[in-house]
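Laboratory data are not the source of any read-out in this text; all were calculated from the coordinates shown. What you see is a predicted model, and the numbers here were worked out from it, not measured in a lab. For neighbour counting, all protein chains shown are included, and Cβ atoms are generated from backbone atoms with ideal geometry for every residue, glycine included.
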């Protein structure tokens, strides 16, 4: 399958997750856990990095939704807020799982090819599209690398990190096939169905 088609499928799944109810999310989580079984370690690293964001989202949503207070204690979040918070965090975890599976399937070069296949037809200048894709890929690659303790302070301070030597990167972009278009059409149908049923 064309890497761009895989990327479109992943993006469609990520958008569809936002409209799915809990039973559909449970089914999707089982399927994703099976499909992404070789990416579990990457998925766990992503969850570990996002733990504070997930906690903040849970607290904000839990306290932001009106309803009946838990255990009839005024300062606790509501039952409805707790349910919505769990749903939002579950959705975010599944989105991270989709990204982990995507990075695991495509790899660095596959991701470059996928982004080029999507961005190139939208850009009138091929060189601009290629520069954008390479920069975006470098950013994603750096985000996946392990930062040392306190590394975020170095980034905020603007201290330059060692840069890789200049060189050429050759990427072969395969042509689209009818099967790739069918997969993308299926992804759009999945998105539309999830939006209508949600």
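Residue ranges 8-16, 95-103, 35-43 sort as 95-103, 8-16, 35-43 when ordered by packing (mean number of other C-beta atoms within 10 Å per residue, highest first).
Restricting the calculation to Cα atoms, region 41-125 shows an Rg/Rh of 1.23 when the hydrodynamic-style radius is the Kirkwood one.
Just to verify a number: FRET efficiency for residue 26 and residue 76, C-beta to C-beta distance, R0 = 35 Å, to 0.05?
Numbers: r = 26 Å, r/R0 = 0.75.
Once the sixth-power term is evaluated, E becomes 0.85.
Here is the size of region 3-96 from its Cα atoms: Rg then Dmax, 15.5, 52 Å.
What FRET efficiency do you get for residue 182 and residue 40 if R0 is 35 Å and r is their Cβ-Cβ distance, rounded to the nearest 0.05? Taking R0 as 35 Å, the efficiency between residue 182 and residue 40 is 0.75.
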